[in-house]
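The values are calculated or read from the model by the stated rules, or taken from the named source; none is laboratory data. Just so you know, these numbers come straight off a predicted model, no measurement behind them. Methodologically, a virtual Cβ is constructed for each residue, glycine included, from the backbone with ideal geometry; neighbour enumeration extends over all protein chains shown.
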Amino acid sequence: MRFKRRKKEGVHKRYTSNRRDLLVSLGRKEKRQKIKMIGIGQNENHDLLSILRNVIFFIAIYLYFMGWIHTYYFYYHFGISSISVNIPFYYFFIYSYNVIANIFGFILVVAAIVAFFIFTAVYPRKWLVILVLIILFPVFFYLAKEKAGEGAQGIRIGNAKTITLFFKKDTFKFYPKEFINANKKGKLKLVTQTTDKFYVIYQPPGEAGEMPYGFTYDIPRTDILLAKIEVQNISKREIKNVND
């Protein structure tokens, strides 16, 4: 009887021990699965953040590129070197707005972002991503150059502020008569100004559907006593809308 009792106790202990080992093993397995799931979630979050970082990075590159191209060709139209204007580098991000302000430019930028996200997150193909990124540069180049030309033509047809310069004594005699007459008649348009110069253009009138050669002048501020810039008039209706 004692032998049978001890045998039963031994079987019970082995059963209990095996059950305990099984539970411990299942617990460890479940714990490893949880750790694995947490790792997968962390990797997914990391991948998403990495994709967003890359998207923002390339958006910044394209905006800077468009702003620089737009600025370069805008001043190139007037024969002005963009270097002489001393534009801070962060202004190029702002000037890119002139390129994407219209609906076509905005749609193009949004489409580029969506395509980049699809090709990196949903359908990852590195060669395709690189190809799209390269193709976008000439597209944005063409768009920025066209918008720069439109802006420059707008100034030449009169969509710019009129400026009248008052020269210091005996300084105006060094300028051509055509410039002096245009200045007296209020025919000069302001292109831009820097800390040491005014850049103005005189656009002679042409025949219908034709724009003759214009003349750009860079005027040192040291020659100027006073500069008068005309500000666009505002109608009563527009003033009322602002006050409301």
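For Gly158, the conditions (1) over 21 Å from Arg221 (Cβ atoms); (2) modelled with pLDDT of 90 or more all hold with the exception of (2).
If you go through region 119-144 one residue at a time, how many are assigned to a helix (DSSP H, G or I) and modelled with pLDDT under 80? If you could, list the steps in order and put the result at the bottom.
Here is the first cut: in region 119-144, the ones assigned to a helix (DSSP H, G or I) are 119-122, 126-144.
With modelled with pLDDT under 80 added as a condition, the list becomes 119-122, 126-133.
So the answer is 12.
Checked against the criteria, Phe58 counts as part of a helix (DSSP H, G or I), touching a Leu at 6+ places or on another chain (Cβ under 8 Å) and either surrounded by fewer than 14 Cβ atoms within 10 Å (Cβ to Cβ) or at pLDDT 70 or above (or both). Does region 140-198 hold any residues that are hydrophobic (A, V, I, L, M, F, W, C) and exposed (fewer than 13 other Cβ atoms within 10 Å of the Cβ), and which are they? Ile157, Phe166, Phe174, listed by residue number.
Evaluated against (1) at pLDDT below 90; (2) under 19 Å from the mean Cα position of the chain (by Cα); (3) not in a loop (DSSP other than H, G, I, E, B), Ser82 falls short on exactly one condition, (3). Just one of (1) touching a helix residue (DSSP H, G or I) at 6+ places or on another chain (Cβ under 7 Å); (2) in a helix (DSSP H, G or I) fails for Ala111. It is (1).
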